[in-house]
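**Q** Here you go, one structure.
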Amino acid sequence: MNKTEIKLVGFGGQGIILMGYIIGKAVAIHENRFATFTQSYGPESRGGACSAKLIVSDSVIDYPDVVAPDILVAMSQEAYGKYAEELKPNGILIVEKDLVKQDSIRKDVKSFFVPATKLAEELGKKMTANIVMLGFFTATTKTVSDKAIREAIKTSVPPGTEELNLKAYQMGADYAKSPKAI
């Protein structure tokens, strides 16, 4: 059974939940595989801690909650500090380069540092940083196909923003192929 546990963390307003929703939709609808998706928020609507947890699998998922993530995406220092120890040894860690201190990173995991916010600002829309990160995640982890994610983005983002979000996604995927990503 091919099963991957994923945890996406950051603060409210960064689009963490949307990123998780898109991954789950891509897997379940566009790849016809199995996925679970749960989310949690802090008591604040913006700025408080939030997380999205997914399990993606080629077979039925017996227990829907993430126990020990294989992949952790952290888009804030607070979220990294709160959830980093949950990541399995030798797991994949993807962090927002400018918001998570690199000297705090665990040494027993494969780490990637992505300037998602800066890349999104180059597009003129800082709010697409989550989609930039999604592009990097997809290209790096191969957990879900590029085609499935693109289809899920088109039907998950606000109407009229599809092209912008696909550009942000491609920017993250391209960054994953650059030597700067390691």
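**Q** Can you list the HN-Hα couplings for the stretch 175-180, worked out from phi with the Karplus curve (6.51, -1.76, 1.60; θ = phi - 60°), rounded to whole Hz and with x for Gly and Pro?
**A** Rounded to whole hertz, the list is 4, 4, 8, 7, x, 5.
**Q** If the limit is 20 Å between Cα atoms, which of LYS125/LYS147; LYS25/LYS101; LYS53/LYS142; LYS53/LYS88; LYS7/LYS154 go over it? Show your work: numbers first, answer last.
**A** Numbers: LYS125/LYS147 23 Å; LYS25/LYS101 31 Å; LYS53/LYS142 17 Å; LYS53/LYS88 14 Å; LYS7/LYS154 23 Å.
Going by Cα-Cα distance, LYS125/LYS147; LYS25/LYS101; LYS7/LYS154 fall outside the 20 Å limit.
**Q** So who's got an amide H within less than 5 Å of the one on VAL73, skipping anything under 5 residues away but keeping other chains? H placed 1.01 Å off N, in plane.
**A** Excluding prolines and chain starts, which carry no amide H, the hits are LYS7, LEU8, VAL9, ILE94.
**Q** Under Stokes-Einstein, with the Kirkwood radius over Cα pairs standing in for Rh, what whole-number D in µm²/s applies to the chain at 4 °C and 1.567 mPa s?
**A** Details: Rh = 16.0 Å.
This corresponds to a translational diffusion coefficient of 81 µm²/s.
**Q** Please list, in chain and number order, the residues 5+ apart from GLY91 or on another chain whose amide H is under 5 Å from its amide H, with Hs placed from the backbone.
**A** LYS110
**Q** I would also like to ask the following. Could you point to the residue in LEU72, SER145, ALA176 farthest towards the positive end of the stretch 40-182's charge dipole, with +1 and -1 charges on the Cβ of Lys/Arg and Asp/Glu respectively?
**A** ALA176
**Q** Check which residues have an amide H placed less than 5 Å from ILE105's amide H, if you skip close sequence neighbours.
**A** So ILE105 has HN proximity to no qualifying residue.
**Q** Between the stretch 107-178 and the stretch 13-30, how far is it from one alpha carbon centroid to the other, in angstrom?
**A** The distance from the Cα centre of the stretch 107-178 to that of the stretch 13-30 comes to 12 Å.
**Q** Hey, another quick one. If you restrict to DSSP beta bridges whose two residues both lie in the chain, what percentage is antiparallel, to the nearest 5?
**A** 55
**Q** Can I ask one more? Would you mind telling me which residue in PRO115, PRO159, PRO69 has the biggest mean-square fluctuation in a Gaussian network model of the chain, where springs connect alpha carbons within a distance under 10 angstrom?
**A** Its mean-square fluctuation being the largest, the pick is PRO159.
**Q** Could you work out the Rg to Rh ratio of the stretch 56-135, with Rh taken as the Kirkwood radius (inverse of the mean 1/r over all Cα pairs)?
**A** Numbers: Rg = 14.0 Å, Rh = 13.7 Å.
Rg/Rh: 1.03.
**Q** Now, a different point. Most mobile of GLY13, GLY160, GLY91 per a Gaussian network model of the chain (Cα springs, under 10 Å)?
**A** In this elastic network of the chain, the residue with the biggest mean-square fluctuation among GLY13, GLY160, GLY91 is GLY160.
**Q** Right, something else. Quick one: putting +1 on the C-beta of Lys and Arg, -1 on the C-beta of Asp and Glu, what dipole do you get for the chain around its Cα centre, in Debye to the nearest 20?
**A** Working: 23 positive and 21 negative charges, 60 e Å.
Once rounded to the nearest 20, the dipole reads 280 debye.
**Q** What would the Debye equation give as log₁₀ I(q)/I(0) for the stretch 1-70 at q = 0.18, 0.22 Å⁻¹, counting only Cα atoms as equal point scatterers?
**A** Per q value, in the given order, log10 I(q)/I(0) is -0.64, -0.87.
Every number here is computed from the coordinates shown, using simple stated rules; none is lab data. Bear in mind that the values here come from a model prediction, so they are computed numbers and not experimental data. Here the Cβ is made from the backbone with ideal geometry for all residues, glycine too, and neighbour counts use every protein chain on show.
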